[in-house]
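Reading through the structure tokens given below for one structure.
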Amino acid sequence: MKGEETGQLGATPAEPPGIISLRGVTKSFGSHTVLDDVSFDVPRGRITTILGPSGTGKSVLLKNIIGLLQPDAGQIWVDGEPIVGMRSGELYRIRKKFGVLFQDGALFGSMDLYDNIAFPLREHTHKSEREIRQLVLMNAELVGLLDHLKKLPGEVSGGMKKRAGLARAMVTEPEIVLFDEPDSGLDPVRVAYLDELVLTAQRETSATFFIITHNITSVMRVADYLGVLFRSKLVAFGSKTQMRSSANPVISQFLAGRPNGPIGMDEMADSEDAVAGAAPTLEPGEA
Ligand SMILES: Nc1ncnc2c1ncn2[C@@H]1O[C@H](COP(=O)(O)OP(=O)(O)O)[C@@H](O)[C@H]1O
Ligand SMILES: [Mg+2]
């Protein structure tokens, strides 16, 4: 592993310190290397975000972490256990540590919000309907959906679908909640509201939140730690404060949303909405 040779990471410990830790993770599709030697540690019980333009491999990274894809090289630890090369039965056990909010919310269109939120409990646990009801109502209340549980996904706004997706991701009380571009398809006001909810939900549950996104404004609002993925490399990873004062031109251009710098215009175009959102805070009435 490169980090070991350079001493950059020190000797790789048997059990790296993150609740999720990556060392030298590399993933290619044919000749296209999507992730190149990616290493970082996600601190337990905090909000970590990975920021990157569209097509940089954020979803691929997430799929490697939940074991839906296997890296070509490197190792990933989840809660201290190496998952690369793990048998599928073992992976299934590891996956129970995660709640996932997918990009499109991935709700079942034929089920009302109550049944959508209850689904992972009915599918993966032996809880009674009474226990399930308690957990569904608790999480629905947390995301402000108590009055809408009888509605079908097709009958509610995009923001409500995301909130239902968040309640479903948290209903099994997972140690880690993963988010794949939770803001996609939402206007800036709803994104701001969702960010508030993410902060509240993390505080309430003390779970580790791991969010991949291209929305810089959102990252600045919610992240304790952040990494920037750019041209298949993790350019930097650190606390929000460390990243804000970074001298790395890619980091400063990306965080400032500037068109001039190492990131090309076409790559920046992906984060146009985030750049627009970087303007002074939009008041709810203005949208
Ligand atoms: N299963 C796959 N087979 C081949 N190429 C893929 C596959 N999944 C993703 N890719 C490619 O990997 C790159 C990164 O994709 P993705 O992780 O979805 O980007 P992001 O989520 O950052 O927008 C893209 O070029 C995409 O076409
Ligand atoms: Mg994606």
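Shape of segment 165-233 from the C-alpha gyration tensor: oblate (a/c of 1.5 or more and a/b not above b/c, with a ≥ b ≥ c the square roots of its eigenvalues). Quick check on segment 109-200: take the gyration tensor over C-alpha atoms, sort the square-rooted eigenvalues as a ≥ b ≥ c, and tell me if it's rounded (a/c under 1.5), prolate or oblate. Prolate is the answer for segment 109-200, as a/c is 1.5 or above and a/b outweighs b/c. Using R₀ = 35 Å, calculate the FRET efficiency as 1/(1 + (r/R₀)^6) where r is the Cβ-Cβ separation of Met138 and Gln70; round to 0.05. Calculated value: 0.45. Using +1 at the C-beta of Lys and Arg and -1 at the C-beta of Asp and Glu, which of Val156, Ala118, Leu166 has the Cα lying farthest in the positive direction of the dipole of segment 83-195? Checking the options against the dipole of segment 83-195, the answer is Ala118. Of the chymotrypsin sites (Phe, Trp or Tyr not before Pro) in segment 92-157, the ones in a loop by DSSP (not H, G, I, E or B) with at most 14 other beta carbons within 10 Å are Phe108. If you wrap the tightest convex hull around every Cα atom of segment 13-166 and split its volume per residue, you get 147 Å³. With each label modelled as a point 7 angstrom along the Cα→C-beta vector, the Thr200-Ala256 pair spans 3.6 nm.
Residues in segment 72-80 carry Karplus couplings, in order, of 6, 8, x, 9, 10, 10, 10, 6, x Hz; the curve used is 6.51 cos²θ - 1.76 cosθ + 1.60 with θ = phi - 60°, and Gly or Pro positions show x. Shape class for segment 15-54, computed from the alpha carbon gyration tensor (a ≥ b ≥ c): oblate, with a/c not under 1.5 and a/b at or below b/c. For segment 38-85, the equivalent ellipsoid built from the Cα gyration tensor has semi-axes of 17, 16, 9 Å, listed from largest to smallest. Under a 5 Å amide H cut-off, with hydrogens placed 1.01 Å from N, Arg46 pairs with Phe209 among residues at least 5 apart or on other chains.
Each label point was placed 7 Å from the Cα along the Cα-to-Cβ direction; for Glu123 and Ala106 their separation is 0.7 nm.
Residues whose amide H lies under 5 Å from that of Leu229, counting only those 5 or more places away or on a different chain, are Leu51, Gly52, Val235; hydrogens are built 1.01 Å from N in the peptide plane. Across all directions, the average flat footprint of the convex hull enclosing the Cα atoms of segment 22-112 is 7.7 nm². Calculate, in nm to one decimal, what Ser28 and Leu146 gain on full extension: separation in residues at 0.36 nm each, minus their alpha carbon distance. Roughly 38.1 nm would be gained on extension. Near Val34, the amide H atoms lying under 5 Å from its own belong to Lys27, Ser28, Phe29; only residues 5 or more places off or on other chains count, and H is placed 1.01 Å from N.
Any read-out appearing in this document is the output of simple, stated calculations on the displayed coordinates, not a laboratory observation. The structure displayed is predicted, hence computed values, not measured ones. Note that each Cβ is placed from the backbone with ideal geometry, even for glycine, and that neighbours are counted across all protein chains shown.
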